[in-house]
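> Take this structure first; my questions come after.
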Amino acid sequence: MPILFLIRRGFLSLLLIAALAIVPTTPPLVAQSSDNARYAAIVVDAVSGEVLFARHADSRRYPASITKVMTLYMAFEALSEGKVKLDDVITVSPRAASQPPSKLGLAAGQTITLDDAMKATAVRSANDMAVAIAEHVGGSQERFAAQATLKARELGMTQTRYVNPNGLPDARQVSSARDLAILARAVMRDYPQYYRYFGLHDWAYQGREYRNTNGLLRQGLGYDGLKTGYTNASGYNLAATAVRDGRRLITVVLGGRSTASRNSHVAALMDTGFEVERLRRDGQPIQVAQAFFEQKGFGIGPDNSAPVQYAQVADEEEDGIGSNAVSYVSLPAAPPQPERVTPAPSEGRTLASLMRTEDPADVTASLNGAPAAARPTPARPPARETVRETAGRWAVQVGAFRDETVARDWLTEVNRRFRSQFTAAERSVQNAEGWYRSRFTGMSEQAAQGACAALAERRVTCMVVRPQ
């Protein structure tokens, strides 16, 4: 009888081991085939903790370099407990030195102070310095990751697990928009004396200037943190916080399609959140802020975000993907069948009037003060010879900017995302009264119409330009 019992127990143990080998230790992420599989967002009042807006906020996502907020939180904790000091000298290990970009680039054996390592992590999003900090604070990357995961549990981050300190790709390292908002609140609440690291616009080290990867910090709209992130699996992530009229909001957006769309969406969510706060302060009874956001159009698009149009703000360097990306602010898209309204030519044009402009491309131009692209007056059908001559002279305009470099960068970005639509087209930046129009030229009417339709499906503003 005991032998039979042992045999049965051994068989059950084998079944359990087999089951554990088959079932993942972490619930799998949603399949990445659809447009919104990576998207998640949340807007939180930093003081009260009230969630003003949430979409897929508890779904597990890849945090990418927003991981470094926890890395620095753990360093702040060690500092406050006297376990480490800002002037500690860290020797870069071979493991830290071998991390891929974005990185500071110190070789194994070189040294750096903890203070500078933290600045490199916050500003440069340096993967090598995040590992150096983890090894200094936790003894090893593995031990540090375990400590960070336990800390996440203590803070109430129920969907989060860490296996590295920098957010480089690992299917086991997951979090959620809500968890990252909880972490952002914890940093400001627990270590306000160190929060300044996340708001550094730039940092100088060994004769070189580094600019923060968070382009919203340079907008002057109260933004003072926190962290960007990007991997192929995560998409473009950003946890941001801003203070306006004495109120602080935290906005987290995960899974953006580009630096531009991510920044624009964060800015639009933040603006709407502060509008809720203002209306409440003025006595309007907005009990459920989520409904107010949805009335603004958030959460109804194919990727659960508001349709956007773009106006130039700044450029930023994203985590490990090169520089000269373009950041934008967003506005809701024009309605499908807009009414034609001709606003008075003044600087006081309202947002509502711009929303009713006939051509979506004119919204971008108007916001920048640029003249709208000229539209030819209706004419009789051209003769066959004229049709042949103009067949390859159609164009698609995707933006108008004050800065020529930004116009060229945006052309490059659109071409990268819609390469198949512009295979035979030429890229051209045309100066019109000080405004640089980003255009794809040398197209047939059919190709131009098809390309603009493809862009419109992804909510990228464009306009088909007839031959002049």
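The values are calculated or read from the model by the stated rules, or taken from the named source; none is laboratory data. Just so you know, these numbers come straight off a predicted model, no measurement behind them. Please note: Cβ atoms are built from the backbone with ideal geometry, for glycine as well, and neighbour counts cover all protein chains shown. Just so you know, the surface numbers come from the protein's heavy atoms only, side chains and all, with ligands and any DNA or RNA stripped out. Shrake-Rupley method; radii C 1.70, N 1.55, O 1.52, S 1.80 Å.
> Specify the residue that is nearest to the chain's Cα centre (by Cα); the eligible residues are those in region 176-226 that are among the aliphatic types (A, V, I, L, M) and over 24 Å from T158 (Cβ atoms).
Within region 176-226, the subset among the aliphatic types (A, V, I, L, M) is 177, 180-184, 186-188, 200, 204, 216-217, 221, 226.
Restricting the remaining residues to those that are over 24 Å from T158 (Cβ atoms) gives 200, 204, 216-217, 221.
Details: L200: 18, A204: 25, L216: 10, L217: 13, L221: 17 Å.
Ranking the candidates gives L216 first.
> Restricting attention to region 235-247, does a residue exist that is open to solvent by 20 Å² or more (accessible area, probe 1.4 Å), assigned to a loop (DSSP other than H, G, I, E, B) and at pLDDT 90 or above?
Yes: one or more hits.
> Go through (1) at pLDDT below 95; (2) closer than 20 Å to V174 by Cβ; (3) of a type outside the set (S, T, Y); (4) open to solvent by less than 40 Å² (accessible area, probe 1.4 Å) for G215 and report which single condition fails.
For G215, the exception is condition (2).
> Any idea which of V406, V460, V429 is under 16 Å from R257 (Cβ atoms) and either modelled with pLDDT of 90 or more or under 25 Å from the mean Cα position of the chain (by Cα) (or both)? Steps first, answer last, please.
Working: V406 fails: under 16 Å from R257 (Cβ atoms); V429 fails: under 16 Å from R257 (Cβ atoms).
Testing whether each residue is under 16 Å from R257 (Cβ atoms) and either modelled with pLDDT of 90 or more or under 25 Å from the mean Cα position of the chain (by Cα) (or both) leaves just V460.
> Could you give every pair whose Cβ atoms fall below 7 Å, whose first residue belongs to region 122-144 and is without any contact (Cβ under 8 Å) to a residue 12 or more places away in the chain, and whose second residue is surrounded by fewer than 24 Cβ atoms within 10 Å (Cβ to Cβ) and outside any helix (DSSP H, G or I), counting only separations of at least 6 or pairs across chains?
none
> Here is a further query. Q397: assigned to a strand (DSSP E or B), of a type outside the set (D, E, K, R) and under 18 Å from A260 (Cβ atoms), yes or no? Talk me through it step by step, then tell me what you get.
Values: assigned to a strand (DSSP E or B): yes; of a type outside the set (D, E, K, R): yes; under 18 Å from A260 (Cβ atoms): yes.
In short, yes.
> Just checking, which of L52, L79, L104 is assigned to a helix (DSSP H, G or I), surrounded by 15 or more Cβ atoms within 10 Å (Cβ to Cβ) and in contact (Cβ under 8 Å) with a residue 60 or more places away in the chain?
Working: L52 fails: assigned to a helix (DSSP H, G or I); L104 fails: assigned to a helix (DSSP H, G or I).
Among L52, L79, L104, only L79 is assigned to a helix (DSSP H, G or I), surrounded by 15 or more Cβ atoms within 10 Å (Cβ to Cβ) and in contact (Cβ under 8 Å) with a residue 60 or more places away in the chain.
> What residue, of A181, A148, is touching a Pro at 6+ places or on another chain (Cβ under 9 Å), modelled with pLDDT of 95 or more, closer than 14 Å to K68 by Cα and of a type in the set (A, V, I, L, M)? Before the answer, list the steps.
Numbers: A181 fails: touching a Pro at 6+ places or on another chain (Cβ under 9 Å).
Just one listed residue meets the conditions, A148.
> Just one of the numbered conditions (1) at pLDDT below 50; (2) touching a strand residue (DSSP E or B) at 6+ places or on another chain (Cβ under 7 Å); (3) over 20 Å from R38 (Cβ atoms) is not true of E277; which one?
Here E277 clears every test but (1).
> Something else now. Given A267, A204, A186, which one is in contact (Cβ under 8 Å) with a residue 40 or more places away in the chain and over 23 Å from M70 (Cβ atoms)? Walk me through it before giving the result.
On the way: A204 fails: in contact (Cβ under 8 Å) with a residue 40 or more places away in the chain; A186 fails: over 23 Å from M70 (Cβ atoms).
On inspection, the qualifying residue turns out to be A267.
> Oh, and also: R196 fails exactly one of the following numbered conditions: (1) surrounded by fewer than 15 Cβ atoms within 10 Å (Cβ to Cβ); (2) in contact with an Asp or Glu (Cβ under 7 Å, 6 or more places away or on another chain). What is the number of that condition?
(2)
> Hey, among the residues in region 160-171 that are at pLDDT below 95 and open to solvent by 50 Å² or more (accessible area, probe 1.4 Å), which one's nearest to S59 (Cα to Cα)?
Looking at the filtered set, the residue picked out is A171.
> Go through region 121-138 and report how many residues are in contact with a Phe, Trp or Tyr (Cβ under 7 Å, 6 or more places away or on another chain), under 16 Å from T91 (Cβ atoms) and open to solvent by less than 10 Å² (accessible area, probe 1.4 Å).
2
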